[in-house]
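The values are calculated or read from the model by the stated rules, or taken from the named source; none is laboratory data. Please read all numbers here as calculations on a predicted model, not as lab measurements. Please note: Cβ atoms are built from the backbone with ideal geometry, for glycine as well, and neighbour counts cover all protein chains shown.
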Amino acid sequence: MKPAADTLHSRFLEHASRNPGAPAIFSDAGVMTYGELDRQSQLLADRLISEGTGPGVPVGICVERTPSLLVGILGILRSGAGYVPLDPKYPTERLRFMADDSGTRLLLTTPASRASCPQGPTVLVLGDTVTTEPGATPVASLPRDTAYVIYTSGSTGQPKGVPIRNSSCAAMLSEVDRIFAGCDLSGVAAVSSICFDLSVMEIFAPLSRGGAVVLVESAVHIPESPHVDRITHLNTTPSVVTSLLDAGGLPPKLRTVVLGGEAVRRRVVDRVYRETNADRVFNGYGPTEGTVFCTFKLVPPDEPGEPSIGTPSLTARLYVLDDGLRPVPEGETGELYLGGAGLAWGYVNRPRTTAQRFVPDPHLVGERMYRTGDIARYLPGGELEFVGRADHQVKVRGYRIELEEIEARLGDLPEVLEAAVAVRTAEGQADAGSLVAYIVPEGDRGQSGASATGPWLDASLQARITGRLDTALPDYMIPETVVFLSALPLSPNAKLDRTALPDPPAPATSAPIQPAGTPTESALTEIWAELLGREPGTIGVRDTFYDLGGNSLLLVRLAKRLSQRFGRRVGVSDLFRFRDISALGRWLDDDSDAAPEAVEEARRRAAARRSAVRGRVRPIGN
């Protein structure tokens, strides 16, 4: 039985039947055709049905970024069930909550990811399924059935599940056809975790049009993909695309770039047009609750001013309303409300939050609308301008984060008396903010050498706190800096005054415990210092890039610097393998492909740098 035409996967099946030999997935493992993806996903669907899945049944998928990931998603959808994405890189506690809260009783995985799966659901390992030819499947997905449940950050301390219907997905894909009608979707980069709804568009937009998914570990790994020259379309954030531009790492045949998740600035758009072969740059906006996106703006290269978030999609209703749910005049700000075909029905097991955020639409009897929490205004001509937030939800490098969720987790720790979290932007990095935690420590912990009133840092205590958070929160929600205070600033009505949270103090500049000992280590220390804004003398060979405040975006630039400096190819994946200067230096020294003149130049520059800073670094104990 075929699925209804307006389901998430129905158009993939049409292309698979017409062009089974066409490439569907490019990955490190090679190429998978539409016919093979069709066959394997149907076999899996048959097995899932025999296990009792069907419409309304959530099935978890905890799989690394290989073709098995897409086989699993399609197999779940073809069984009539909905998939619950569980990123194997997430902390075990978070995965367990997502599986329990969604009602997941059956979970797909692979041998490589099985150890990361949460306990509880029955586990079905891909590769252990039946190998006979597929038979007729006595089930069909319907438009009203749930296609997936994606968990977003929640202000209560736990993520909240957003179930999206097949009909909403089909409406989104129809809008993709309209908006990108003239764009080349023959090779769409799939770089987002399946725990984020952008992955739905990255996977199903090409598969619904006969194009191919170019499966990459993450956006920062694009330059290393063996199929980088296949990528024609990329969805990403402004901060990521800026890092890729800095590193010269965008695909050579890129034609379309969709930016979102952060404020899109004109200077970034201009760089994309100027430094790549892209002829279309879009600004997209939309919460998970509205099925991936609800507005788009084609940003031309010669338009003055900062880009708007565009006009509503044909399947969305967008209102800018005042506190009384009345439309505000054009040009005035109000809260943005969303309705239409893409609207979710609410949150899983959160009736109170659902009632607060999904309210009756006073402008359309019998319909509802979602209170986004975003502040916006309508501009002349019908475009929308994003202004800010009405609450404490933030976007950091494209990730949607409720600051209260992190604060709730911090409040549970024995080292913490009180906590607040904010986003801080480093000088010269206006488009790449980072999370900073402000903590009043329990008792006397961490206060040695601290001012009675001023903020202070404590590397040891920060490591203990972030280490505990690492077991409950994904990496992107772990604060990069922890600032300790004797008390949190309060407003006159005794509430937290977030505007009064201080800038983090500068880190101490004492000499490292184990300084660079070889010319290569010294050269690496110099490069790290330039990127991190530190003195080389404060970096030890056992320090990791992340521990010193680095992030995945800086890794792209670091890889380029190292490639240039040492005359050999250094990729982001190499930097994940060799995380500290000692290991990275040994790897570089042991490789015979490094150009001798490049190494010698690195050594000369490192020696000169050491001489310049030797007199400015105080020995430990002074």
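What the table below lists for this structure:
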item: Yes/no for residue 243 being assigned to a helix (DSSP H, G or I), modelled with pLDDT of 95 or more and among the hydroxyl-bearing types (Ser, Thr, Tyr); result: no
item: Some residue of the range 101-113 being on the phi > 0 side of the Ramachandran plot and out of contact with any helix residue (DSSP H, G or I) (no Cβ under 6 Å at 6 or more places or on another chain); result: yes
item: Members of the range 45-61 that are of a type in the set (Gly, Ala, Ser), buried (at least 21 other Cβ atoms within 10 Å of the Cβ) and assigned to a helix (DSSP H, G or I); result: 45
item: Check on residue 570, within 22 Å of the chain's Cα centre (by Cα), of a type in the set (Val, Ile, Thr) and not assigned by TED's automatic domain parsing to the domain that holds residue 463; result: no
item: Tally of residues being surrounded by 17 or more Cβ atoms within 10 Å (Cβ to Cβ) and not aliphatic (A, V, I, L, M) across the range 28-44; result: 7
item: Lone qualifier among 507, 492 - being at pLDDT below 85, touching a helix residue (DSSP H, G or I) at 6+ places or on another chain (Cβ under 9 Å) and assigned to a loop (DSSP other than H, G, I, E, B); result: 507
item: Residue, nearest to the chain's Cα centre (by Cα), within the range 88-109, restricted to residues that are surrounded by fewer than 21 Cβ atoms within 10 Å (Cβ to Cβ) and closer than 20 Å to residue 67 by Cβ; result: 89
item: Residue check for residue 247: surrounded by fewer than 24 Cβ atoms within 10 Å (Cβ to Cβ), over 30 Å from residue 168 (Cα atoms) and out of contact with any Gly (no Cβ under 8 Å at 6 or more places or on another chain); result: yes
item: Members of the range 269-293 found to be buried (at least 22 other Cβ atoms within 10 Å of the Cβ), under 19 Å from the mean Cα position of the chain (by Cα) and of a type outside the set (Phe, Trp, Tyr), listed by number; result: 283, 284, 286, 287, 289, 290, 291, 292
item: Check on residue 71, over 23 Å from residue 475 (Cα atoms) and assigned to a strand (DSSP E or B); result: no
item: Flag if residue 207 is touching a helix residue (DSSP H, G or I) at 6+ places or on another chain (Cβ under 6 Å), in contact (Cβ under 8 Å) with a residue 24 or more places away in the chain and assigned by TED's automatic domain parsing to the domain that holds residue 149; result: yes
item: Qualifying residue in the range 162-175 (condition: assigned by TED's automatic domain parsing to the domain that holds residue 69, outside any helix (DSSP H, G or I) and within 19 Å of residue 29 (Cα to Cα)); result: no
item: Positions within the range 563-610 being touching a strand residue (DSSP E or B) at 6+ places or on another chain (Cβ under 7 Å) and either modelled with pLDDT of 90 or more or among the aromatic types (Phe, Trp, Tyr) (or both), in sequence order; result: 580
